[in-house]
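Structure, as structure tokens:
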Amino acid sequence: MIDKLDSLDVGEKVLEGKAAWKYAEDILQLVSRTFALNIQVLRGKLHRSILLAYLYLRIADTVEDDPDMKASEKEVVLGLFADIFRTPELKDNAVAAFENALPESWRKSEHPYMNLCLHSHVVVPLLRELPEMYAAPVRAVTVEMCGGMAKFALRQEAALSAGWFTLEKVSDLDEYCYYVAGIVGKLLTNLFAADTCFISDARKAEMQKFDVSFGLALQVTNIVKDCVEDSGRRVCFIPEEICRRHGFEHSSDLFKDGVDSQKCGAVLSELVEKAWRHLDDAIAYTKLIPNIKMRTRLFCLWPLFMAAENLHLIGNGVSVFTSEKKVKITRDTVKRIVKETSMHFYSDKWIDKAYGKLRMKN
């Protein structure tokens, strides 16, 4: 990790222009497990705007995820970060106020997430180089996500004081997923429309019917895939009302030793089906992107087909609780998805057929 950070060659330098963009591109590879692949397929202003949006949201997410900061502190720090983006000026003193509010321990950290946060002064000014039609949606989504994350940080701290962080209703899950992922779909629609004249106002309005589902499809799939791992942090995003329908008093009971894996699978299968429904909308969303926009379509198709393959692998949910290893697709499957979608991205018929095979086998 140290070698990777050293390769960024930033130190105490003030990076501008090409050097700042290089830092942004390089740090993306260190802070993104899979999304970097999607962003790399894009070009020009669309590439740069989505790259910066991802980095800004990663900064907010890093603050929200910190295990040592109190929720009230997170609320203040997230508010300072949001303040940077409330006006087009992106004032340097607002960036400095945010960086100065970060925990002192982060300044000694070797983790790339902390490195990124402490180099907000490098990546934030880059947004000024983009036309307002690209910059405005990025600012808006960053402000909205910071507010949502602060809200759930306070809720999580209150819940964890009683033992576990859980969600009571499916509507609570929808609200959480909206703030951490659904609003990204709204961002993408605005940026995709800014990037081409082939997305008319009418087509954009049609895309807006599905864009929140684009983010929710990926987020709910991740919740399904990561639920056992999350339980190690005493966190469960599976709503309590679903668990009670299947005879569990609390969602945390899913992860106790000796629990019937079939019953656990029945609980998770409700979220699996929810993820599939969002994926249905997300596929419809992607087909509304003009098929001459190859790179934009691939940006959407890659994560959606990876999510579909993961859900197909998970099936009825039992394997998540019985497998010794985390249930997820292999690198070979990822390579196959990239290859096949790159050949057939333009064909709505192929997309429907390939996706339908995975959906029907569920």
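The values are calculated or read from the model by the stated rules, or taken from the named source; none is laboratory data. From a predicted model like this one, the values you see are computed outputs, not experimental measurements. For neighbour counting, all protein chains shown are included, and Cβ atoms are generated from backbone atoms with ideal geometry for every residue, glycine included.
Assorted remarks:
- Selected residue (only one of CYS227, CYS197 is modelled with pLDDT of 95 or more, more than 18 Å from ALA284 (Cβ to Cβ) and part of a loop (DSSP other than H, G, I, E, B)): CYS197
- Within region 10-34, if we keep just the residues that are outside any helix (DSSP H, G or I) and within 19 Å of the chain's Cα centre (by Cα), the residue that is modelled with the highest pLDDT turns out to be SER32.
- For region 66-113, residues that are under 14 Å from GLU157 (Cβ atoms) and touching a Phe, Trp or Tyr at 6+ places or on another chain (Cβ under 6 Å) total 0.
- Complete set of residues in region 224-244 that are surrounded by fewer than 21 Cβ atoms within 10 Å (Cβ to Cβ) and either outside the structural domain of PHE255 (by TED's automatic domain parsing) or among the aliphatic types (A, V, I, L, M) (or both): VAL228, VAL235
- Out of ILE289, ILE314, sole residue that is assigned by TED's automatic domain parsing to the domain that holds ASP211, within 19 Å of ARG33 (Cβ to Cβ), at pLDDT 95 or above and surrounded by 23 or more Cβ atoms within 10 Å (Cβ to Cβ): ILE314
- Among the residues of region 35-44, not a single one is in a helix (DSSP H, G or I), under 17 Å from TYR179 (Cα atoms) and in contact with a helix residue (DSSP H, G or I) (Cβ under 7 Å, 6 or more places away or on another chain).
- Failed condition for LYS328, given (1) in a helix (DSSP H, G or I); (2) modelled with pLDDT under 95; (3) among the basic types (Lys, Arg): (1)
- Residues that are closer than 17 Å to SER32 by Cα and either of a type outside the set (A, V, I, L, M) or at pLDDT below 95 (or both), drawn from region 115-130: ASN115, CYS117, HIS119, SER120
- Any hit, region 254-263, residues being assigned by TED's automatic domain parsing to the domain that holds THR341, touching a Cys at 6+ places or on another chain (Cβ under 9 Å) and surrounded by fewer than 21 Cβ atoms within 10 Å (Cβ to Cβ): yes
To keep it simple, each residue is scored yes or no on (1) surrounded by 16 or more Cβ atoms within 10 Å (Cβ to Cβ); (2) within 19 Å of LEU51 (Cβ to Cβ); (3) out of contact with any Cys (no Cβ under 9 Å at 6 or more places or on another chain).
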| position | (1), (2), (3) |
| --- | --- |
| GLY163 | no, no, yes |
| GLU168 | no, no, yes |
| ASP172 | yes, no, yes |
| ALA181 | yes, yes, yes |
| GLY185 | yes, yes, yes |
| LEU188 | yes, yes, no |
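- Cβ-Cβ under 6 Å pairs, at least 6 apart or on other chains, region 139-165 side over 17 Å from ASP66 (Cβ atoms), far side assigned to a helix (DSSP H, G or I): VAL141/ILE183; VAL141/LEU187; THR142/TYR56; VAL143/ALA82; GLU144/ILE183; TRP164/SER252
- Whichever residue in region 319-341 is surrounded by 14 or more Cβ atoms within 10 Å (Cβ to Cβ) and farther than 24 Å from CYS264 by Cβ and, among such residues, is nearest to the chain's Cα centre (by Cα): VAL334
- Hits in region 57-78 - residues which are at pLDDT 95 or above, farther than 18 Å from PRO112 by Cβ and crowded, with 18+ Cβ neighbours inside 10 Å: LYS74, GLU75, VAL77, LEU78
- Any hit, region 73-87, residues being touching a residue at least 12 places away in the same chain (Cβ under 8 Å), under 20 Å from LEU51 (Cβ atoms) and either more than 19 Å from the chain's Cα centre (by Cα) or not assigned by TED's automatic domain parsing to the domain that holds ILE50 (or both): yes
- Among the candidates PHE214, PHE248, PHE237, residue that is part of a loop (DSSP other than H, G, I, E, B) and touching a Ser or Thr at 6+ places or on another chain (Cβ under 9 Å): PHE237
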